[in-house]
Amino acid sequence: MSVHSDPASREGDALLQTRHSLLSRLREHDDQAGWREFFERYWRLIYGFARKAGMSDADAQDIVQEVMVSVSKSLMDYRQQQGGSFKGWLLTIVRRRMADHWRARLPKEQRNVPLPEQPSALASDEAALERIWQEEWEGRLFESAAQRVQQRVGARNYLIF
(Lines give C-alpha, C1' and ligand atoms only; values in the text may rest on other atoms or scores of the structure.)
Protein backbone atom coordinates (compact mmCIF):
# COMPACT_ATOMS: atom_id res chain seq x y z
CA MET A 1 0.00 0.00 0.00
CA SER A 2 1.43 3.39 -0.91
CA VAL A 3 1.61 6.23 1.58
CA HIS A 4 -0.91 8.18 -0.45
CA SER A 5 -3.54 5.42 -0.51
CA ASP A 6 -3.51 4.91 3.26
CA PRO A 7 -6.64 6.54 4.77
CA ALA A 8 -4.72 7.58 7.90
CA SER A 9 -2.11 9.28 5.72
CA ARG A 10 -4.80 11.13 3.76
CA GLU A 11 -6.39 12.24 7.03
CA GLY A 12 -2.99 13.41 8.28
CA ASP A 13 -2.34 15.29 5.03
CA ALA A 14 -5.53 17.23 5.74
CA LEU A 15 -3.86 18.68 8.84
CA LEU A 16 -1.26 20.42 6.67
CA GLN A 17 -3.34 21.09 3.61
CA THR A 18 -3.56 24.71 2.77
CA ARG A 19 -7.19 25.59 2.89
CA HIS A 20 -8.48 27.26 -0.22
CA SER A 21 -9.83 30.01 2.01
CA LEU A 22 -6.28 30.74 3.23
CA LEU A 23 -4.97 30.81 -0.34
CA SER A 24 -7.76 33.21 -1.25
CA ARG A 25 -6.84 35.44 1.68
CA LEU A 26 -3.19 35.42 0.63
CA ARG A 27 -4.10 36.86 -2.74
CA GLU A 28 -4.79 40.00 -0.75
CA HIS A 29 -1.17 40.87 -0.04
CA ASP A 30 -2.09 43.07 2.94
CA ASP A 31 -3.68 40.18 4.90
CA GLN A 32 -0.93 40.01 7.52
CA ALA A 33 -2.74 37.43 9.65
CA GLY A 34 -3.11 35.15 6.64
CA TRP A 35 0.55 35.44 5.72
CA ARG A 36 1.56 34.84 9.34
CA GLU A 37 -0.59 31.68 9.38
CA PHE A 38 0.90 30.52 6.08
CA PHE A 39 4.45 31.18 7.30
CA GLU A 40 3.87 29.34 10.59
CA ARG A 41 2.38 26.40 8.73
CA TYR A 42 5.18 25.98 6.18
CA TRP A 43 8.49 27.50 7.27
CA ARG A 44 9.67 24.41 9.18
CA LEU A 45 8.84 22.19 6.22
CA ILE A 46 10.85 24.35 3.81
CA TYR A 47 13.73 24.85 6.23
CA GLY A 48 13.98 21.17 7.14
CA PHE A 49 13.92 20.13 3.50
CA ALA A 50 16.65 22.61 2.57
CA ARG A 51 18.85 21.48 5.46
CA LYS A 52 18.45 17.80 4.62
CA ALA A 53 19.19 18.57 0.97
CA GLY A 54 22.59 19.87 2.05
CA MET A 55 22.15 23.58 2.72
CA SER A 56 23.70 25.37 5.67
CA ASP A 57 21.53 26.88 8.40
CA ALA A 58 21.93 30.40 7.00
CA ASP A 59 21.26 29.27 3.43
CA ALA A 60 18.18 27.31 4.50
CA GLN A 61 16.85 30.40 6.31
CA ASP A 62 17.43 32.41 3.12
CA ILE A 63 15.55 29.78 1.13
CA VAL A 64 12.57 30.05 3.48
CA GLN A 65 12.42 33.81 2.86
CA GLU A 66 12.95 33.45 -0.90
CA VAL A 67 10.19 30.84 -1.12
CA MET A 68 7.77 33.07 0.78
CA VAL A 69 8.50 35.92 -1.66
CA SER A 70 8.08 33.57 -4.64
CA VAL A 71 4.80 32.24 -3.30
CA SER A 72 3.48 35.77 -2.84
CA LYS A 73 4.47 36.67 -6.41
CA SER A 74 3.15 33.54 -8.09
CA LEU A 75 0.09 32.79 -5.99
CA MET A 76 -2.18 34.44 -8.54
CA ASP A 77 -0.92 31.93 -11.11
CA TYR A 78 -1.48 28.94 -8.88
CA ARG A 79 -4.43 26.89 -9.91
CA GLN A 80 -4.89 23.42 -8.60
CA GLN A 81 -4.81 21.28 -11.72
CA GLN A 82 -6.29 17.85 -12.01
CA GLY A 83 -3.88 15.52 -10.25
CA GLY A 84 -1.80 18.47 -9.03
CA SER A 85 -1.48 19.63 -5.48
CA PHE A 86 -0.37 22.63 -3.50
CA LYS A 87 2.21 20.40 -1.85
CA GLY A 88 3.78 19.59 -5.24
CA TRP A 89 3.62 23.21 -6.37
CA LEU A 90 5.37 24.34 -3.20
CA LEU A 91 8.08 21.71 -3.66
CA THR A 92 8.70 22.99 -7.18
CA ILE A 93 9.15 26.54 -5.88
CA VAL A 94 11.50 25.36 -3.12
CA ARG A 95 13.65 23.40 -5.55
CA ARG A 96 13.84 26.33 -7.97
CA ARG A 97 14.89 28.74 -5.23
CA MET A 98 17.54 26.27 -4.10
CA ALA A 99 18.84 25.89 -7.67
CA ASP A 100 18.93 29.70 -8.03
CA HIS A 101 20.85 29.90 -4.77
CA TRP A 102 23.51 27.45 -5.93
CA ARG A 103 23.65 29.02 -9.39
CA ALA A 104 24.34 32.44 -7.86
CA ARG A 105 27.47 31.02 -6.25
CA LEU A 106 28.97 29.98 -9.58
CA PRO A 107 31.41 32.18 -11.44
CA LYS A 108 29.56 34.49 -13.84
CA GLU A 109 30.69 32.64 -16.96
CA GLN A 110 29.17 29.38 -15.69
CA ARG A 111 25.76 30.73 -14.66
CA ASN A 112 24.11 30.08 -18.01
CA VAL A 113 25.23 26.46 -18.04
CA PRO A 114 22.42 24.07 -17.06
CA LEU A 115 22.85 23.31 -13.38
CA PRO A 116 21.56 20.36 -11.44
CA GLU A 117 19.30 21.31 -8.57
CA GLN A 118 22.22 20.82 -6.19
CA PRO A 119 25.93 20.12 -6.71
CA SER A 120 25.78 16.96 -4.59
CA ALA A 121 24.65 13.59 -5.88
CA LEU A 122 21.52 13.92 -3.72
CA ALA A 123 19.96 16.52 -5.97
CA SER A 124 20.34 14.44 -9.07
CA ASP A 125 18.43 11.70 -7.31
CA GLU A 126 14.81 12.74 -7.78
CA ALA A 127 13.56 9.90 -5.60
CA ALA A 128 15.80 11.00 -2.72
CA LEU A 129 14.46 14.56 -2.86
CA GLU A 130 10.87 13.32 -3.01
CA ARG A 131 11.57 11.08 -0.01
CA ILE A 132 13.08 13.97 1.97
CA TRP A 133 10.09 16.19 1.12
CA GLN A 134 7.66 13.45 2.20
CA GLU A 135 9.57 12.85 5.45
CA GLU A 136 9.51 16.56 6.26
CA TRP A 137 5.81 16.74 5.37
CA GLU A 138 5.05 13.81 7.67
CA GLY A 139 7.16 15.33 10.46
CA ARG A 140 5.11 18.52 10.28
CA LEU A 141 1.92 16.43 10.29
CA PHE A 142 3.02 14.74 13.50
CA GLU A 143 3.85 18.10 15.14
CA SER A 144 0.47 19.49 14.13
CA ALA A 145 -1.37 16.43 15.44
CA ALA A 146 0.61 16.46 18.70
CA GLN A 147 -0.26 20.13 19.25
CA ARG A 148 -3.93 19.39 18.69
CA VAL A 149 -3.84 16.51 21.17
CA GLN A 150 -2.08 18.68 23.76
CA GLN A 151 -4.68 21.45 23.35
CA ARG A 152 -7.54 18.99 23.78
CA VAL A 153 -6.26 16.95 26.72
CA GLY A 154 -4.17 19.43 28.69
CA ALA A 155 -0.50 19.42 29.60
CA ARG A 156 -0.67 16.72 32.33
CA ASN A 157 -2.58 14.21 30.22
CA TYR A 158 -0.41 15.02 27.22
CA LEU A 159 2.73 14.12 29.20
CA ILE A 160 1.12 10.84 30.14
CA PHE A 161 0.17 10.29 26.49
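Taken together, the criteria place S144 among residues that are within 21 Å of W35 (Cβ to Cβ), of a type in the set (S, T, Y) and modelled with pLDDT under 80. Among the residues of segment 45-74, those identified as of a type in the set (A, V, I, L, M) and part of a helix (DSSP H, G or I) are L45, I46, A50, A58, A60, I63, V64, V67, M68, V69, V71. In segment 69-85, the qualifying residues are those that are open to solvent by 20 Å² or more (accessible area, probe 1.4 Å) and of a type in the set (A, V, I, L, M, F, W, C), and the one that is modelled with the lowest pLDDT is M76.
Taking segment 118-135 as the range and being more than 11 Å from A53 (Cα to Cα), open to solvent by less than 70 Å² (accessible area, probe 1.4 Å) and modelled with pLDDT of 80 or more as the test, only Q134 passes. Note on segment 24-40: residues that are over 17 Å from K73 (Cβ atoms) and either open to solvent by less than 50 Å² (accessible area, probe 1.4 Å) or small (G, A, S) (or both) amount to 1.
The values are calculated or read from the model by the stated rules, or taken from the named source; none is laboratory data. What you see is a predicted model; the values in this text were computed from it and never measured. Cβ: placed from backbone, ideal geometry, glycine included. Neighbour counts: every protein chain shown. The area values use the complete protein model at the heavy-atom level, side chains included, leaving out ligands, DNA and RNA. Shrake-Rupley method; radii C 1.70, N 1.55, O 1.52, S 1.80 Å.
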